[in-house]
Amino acid sequence: MPVPRQLTMQKTFKREITSLEGIFAFIQDFFDRERIDSRHLYSMSLAAEELFTNMVKYNPGNANDILIDVSTAGDQLRLTLTDLDVDSFDVTQARPAPRGVPLQDLRGGGFGLCLVQQMVDGMAYDYEGRRSMVTVTKKLR
Amino acid sequence: MFDIRWGDHGEVVLSGRWDASQSGRAEAFFHALSESKIVDFSALEYISSSGLGVLLVAQKRLAKSGGSLRLVGLNKHIADVFRYSGLDQVFEIG
């Protein structure tokens, strides 16, 4: 039985919002190299942005860079962000869209994880030894 | 490259990619609005939750004086973002 082809690219990014441009370019580069259908690019770019900006926002004083790993395995695209020396924050907890909430009661933030949860096919969180690892997956077929 | 500017007919025209690193400029632009406006998304390729937050704050502020933002020209991905966030119920879209 043939072993599914698996390819990985990884890179670290400084913990600042201005890193986003480089993150988008990194993901685009992976799509180009692996000839991945561009219809998946929006959801993976958005997942990377929302997860990365959360890490920046909630641990601004942390000096560690954030590792981003993107890979394919069989018909699955996988994006993993790893953050070191942080408290646990389970991003997989359900965050439903605030439907039916009156306009003036809606908050201006908090949509990021709600979007990610709906735009990817799988989401996993692992926390061990103050290392936080978030993985999202997307089926390519 | 993200851009926000006035269109020829008084509409707000967005273009490029609106990610979290661009929201400061957009926030200042929308904060200056005092009446209802059409926002043209035709040339906008990407928006994230950061942009949604800016638009929502502007919509809430305008609603207090009877105003609103109407969003036009959304591509499929951006329309999905509004639908998944539930904000398709907050803005007039189309």
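Collect the residues in the range B:51-77 that are under 23 Å from A:C114 (Cα atoms) and more than 11 Å from the chain's Cα centre (by Cα), keeping them in residue-number order.
The answer is B:K60, B:N75, B:K76, B:H77.
Do we have A:V101 as over 11 Å from the mean Cα position of the chain (by Cα), within 14 Å of another protein chain (Cβ to nearest Cβ) and not in a strand (DSSP E or B) here?
Yes.
Can we say A:R95 is among the basic types (K, R), out of contact with any Asp or Glu (no Cβ under 6 Å at 6 or more places or on another chain) and within 14 Å of another protein chain (Cβ to nearest Cβ)?
In short, yes.
Pairs under 9 Å by beta carbon, first residue under 30 Å from A:I68 (Cβ atoms) in the range A:83-111, partner basic (K, R) and assigned to a strand (DSSP E or B), six or more apart or different chains?
Correct list of pairs: A:D83/A:R131; A:L84/A:R131; A:D85/A:R131; A:V86/A:R131.
Does the range B:1-29 hold any residues that are among the hydrophobic types (A, V, I, L, M, F, W, C), in a helix (DSSP H, G or I) and crowded, with 20+ Cβ neighbours inside 10 Å, and which are they?
B:A20, B:A26
Could you list, in sequence order, all residues of the range A:127-141 that are loosely packed, with under 14 Cβ neighbours inside 10 Å, on the phi < 0 side of the Ramachandran plot and not basic (K, R)?
A:E128
Just checking, does the range A:123-130 include any residue being among the small types (G, A, S), modelled with pLDDT of 95 or more and either more than 12 Å from the chain's Cα centre (by Cα) or not in a loop (DSSP other than H, G, I, E, B) (or both)?
yes
Please find, among B:V72, B:V54, the residue that is of a type in the set (A, V, I, L, M, F, W, C) and surrounded by 15 or more Cβ atoms within 10 Å (Cβ to Cβ).
Just a single option satisfies the conditions, and that option is B:V54.
Search the range B:41-94 for residues being part of a strand (DSSP E or B) and β-branched (V, I, T), and hand back the single one that is farthest from B:R25 (Cα to Cα).
So, considering only residues that are part of a strand (DSSP E or B) and β-branched (V, I, T), the one farthest from B:R25 (Cα to Cα) is B:I93.
Restricting to the range B:25-71, name every residue that is in contact with a strand residue (DSSP E or B) (Cβ under 7 Å, 6 or more places away or on another chain) and of a type in the set (V, I, T).
B:I38, B:V39, B:I47
What do you reckon, is B:E35 more than 11 Å from every other protein chain (Cβ to nearest Cβ), closer than 18 Å to A:V101 by Cβ and not hydroxyl-bearing (S, T, Y)?
Criteria not met by B:E35.
Going by what's in this entry, would A:L77 be described as more than 14 Å from chain B (Cβ to nearest Cβ), buried (at least 16 other Cβ atoms within 10 Å of the Cβ) and modelled with pLDDT of 90 or more?
Considered against the rule, which asks whether it is more than 14 Å from chain B (Cβ to nearest Cβ), buried (at least 16 other Cβ atoms within 10 Å of the Cβ) and modelled with pLDDT of 90 or more, A:L77 comes out as yes.
Within the range A:80-100, track down each residue that is touching a helix residue (DSSP H, G or I) at 6+ places or on another chain (Cβ under 9 Å), at negative phi and either modelled with pLDDT under 90 or not acidic (D, E) (or both).
A:L81, A:V86, A:F89, A:V91, A:T92, A:Q93, A:A94, A:R95, A:P96, A:A97, A:P98, A:R99
Quick one: which residue in A:L46, A:L51 is within 14 Å of chain B (Cβ to nearest Cβ), in contact (Cβ under 8 Å) with a residue 60 or more places away in the chain, within 20 Å of B:G24 (Cβ to Cβ) and not aromatic (F, W, Y)?
Sole residue among the options that is within 14 Å of chain B (Cβ to nearest Cβ), in contact (Cβ under 8 Å) with a residue 60 or more places away in the chain, within 20 Å of B:G24 (Cβ to Cβ) and not aromatic (F, W, Y): A:L46.
Collect the residues in the range B:59-89 that are in contact with a Lys or Arg (Cβ under 9 Å, 6 or more places away or on another chain) and of a type in the set (A, V, I, L, M), keeping them in residue-number order.
B:L62, B:L69
The values are calculated or read from the model by the stated rules, or taken from the named source; none is laboratory data. Note that the coordinates shown come from a computational prediction; the quantities given were computed from them, not determined experimentally. Reconstructed Cβ throughout: ideal geometry from the backbone, glycine too, with neighbour counts over all protein chains shown.
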